[in-house]
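The block underneath contains the structure these notes are about, expressed in structure tokens.
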Amino acid sequence: MAMLRSLLLLFIVFSMGNAEVKKCPYGWTNFGVRCYKFFSEAVNWITAEKNCQRLDANLASVHNKIEQDFLLSLLPSSTTRCWFGTHDGEQEGQWLWTDGTPYDYTYWAPGQPDNKGIENCGDNMKWFIYNRWNDAACLTSLGYVCAKYL
């Protein structure tokens, strides 16, 4: 019986050696089950999403306050706004995430979204007292945060 336990233990140890440990690509930051990266290049929202998709990612979705705070922590102090993955371009007022995850959390700034002019894309603001979301014109040029699953 002791021999059987020893063999089983050896099997487990050696099989774990082959287990793949997934890590974020260089320059990306791990948070939970996803990797995130801020890109300072100012582009419009659609270009930002396409750039993320080229990296097997999407503009970041946010599902709780902890994730929101983490996302804002990626922005350099000189940056006050960035694109993230929410939009209502398919139907006004029906906000969605580009990664297809459920739209189960919101953190809009007071009075937002206001669709002032034509604003169908979400940006994350880090200024004044509002570290919250805003709807903006999709052609506005901002930096952006991509997220990809490990």
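Side notes on the structure shown:
- Residues located in the stretch 27-38, provided they are surrounded by 14 or more Cβ atoms within 10 Å (Cβ to Cβ) and part of a loop (DSSP other than H, G, I, E, B): Trp28, Gly32
- Top-ranked residue of the stretch 109-150 - restricted to ones that are open to solvent by 60 Å² or more (accessible area, probe 1.4 Å) and among the hydrophobic types (A, V, I, L, M, F, W, C), ranked as nearest to Lys37 (Cα to Cα): Leu150
- Just one of the listed residues (Tyr36, Tyr26) is closer than 15 Å to Leu150 by Cα, without any contact (Cβ under 8 Å) to a residue 40 or more places away in the chain and among the aromatic types (Phe, Trp, Tyr), namely Tyr26.
- Consider the stretch 48-68 and keep the residues that are over 13 Å from Trp133 (Cβ atoms) and open to solvent by less than 40 Å² (accessible area, probe 1.4 Å). The one that is nearest to the chain's Cα centre (by Cα) is Asn58.
- Scope the stretch 45-82; condition under 20 Å from Gly27 (Cβ atoms) and of a type in the set (Val, Ile, Thr); matching residues: Thr47, Thr79
- Of note, Tyr130 satisfies the criterion of being over 20 Å from Thr47 (Cα atoms), touching a Pro at 6+ places or on another chain (Cβ under 9 Å) and without any contact (Cβ under 8 Å) to a residue 60 or more places away in the chain.
The values are calculated or read from the model by the stated rules, or taken from the named source; none is laboratory data. Just so we're clear, the structure is a prediction, and the values are computed from it rather than from any experiment. Cβ: placed from backbone, ideal geometry, glycine included. Neighbour counts: every protein chain shown. What goes into the accessible areas is simple: the full protein's heavy atoms, side chains included, and nothing from ligands, DNA or RNA. Shrake-Rupley method; radii C 1.70, N 1.55, O 1.52, S 1.80 Å.
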